[in-house]
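Structure incoming, see below.
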Amino acid sequence: MDQRPPLDFSFIHKQLRRKEGVTLMLLWHEYKAQNPQSYQYSQFWHLYRQWCHRIEPVMRQDHRAGEKMFVDYHTC
């Protein structure tokens, strides 16, 4: 049975979007300090990436055709 505490991926995702230079490595170090028997970095990264691929980004915008140009790129 897995004794590791669950990861809060939505919190991790929100922290990574901050502008203060938060990285996945930094968040893992904080998680590891609180939970010594937790995931190693490679598994932490892998689980986060799996979670990222499951969320679907949605951004609805009303605009007239030809009025604006939108560039779509994925950050996860």
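What follows is calculated from the coordinates using simple rules that are stated; it is not laboratory data. The shown structure was predicted, so the numbers you read here are calculated from the model rather than taken from an experiment. Heads up, the Cβs are rebuilt from the backbone with ideal geometry, glycines too, and the neighbour counts pull from every protein chain shown.
Please work out if S10 is surrounded by fewer than 10 Cβ atoms within 10 Å (Cβ to Cβ) and small (G, A, S). Full working, then the answer.
Numbers: surrounded by fewer than 10 Cβ atoms within 10 Å (Cβ to Cβ): no; small (G, A, S): yes.
So S10 fails the test.
Scan segment 27-76 for residues that are exposed (fewer than 10 other Cβ atoms within 10 Å of the Cβ) and hydrophobic (A, V, I, L, M, F, W, C) and report the count.
Matching residues across segment 27-76 total 7.
Which of the numbered conditions does Q3 fail, given that it passes all the others? Conditions: (1) surrounded by 10 or more Cβ atoms within 10 Å (Cβ to Cβ); (2) in contact (Cβ under 8 Å) with a residue 12 or more places away in the chain.
Checking Q3 against (1) surrounded by 10 or more Cβ atoms within 10 Å (Cβ to Cβ); (2) in contact (Cβ under 8 Å) with a residue 12 or more places away in the chain, the one that fails is (1).
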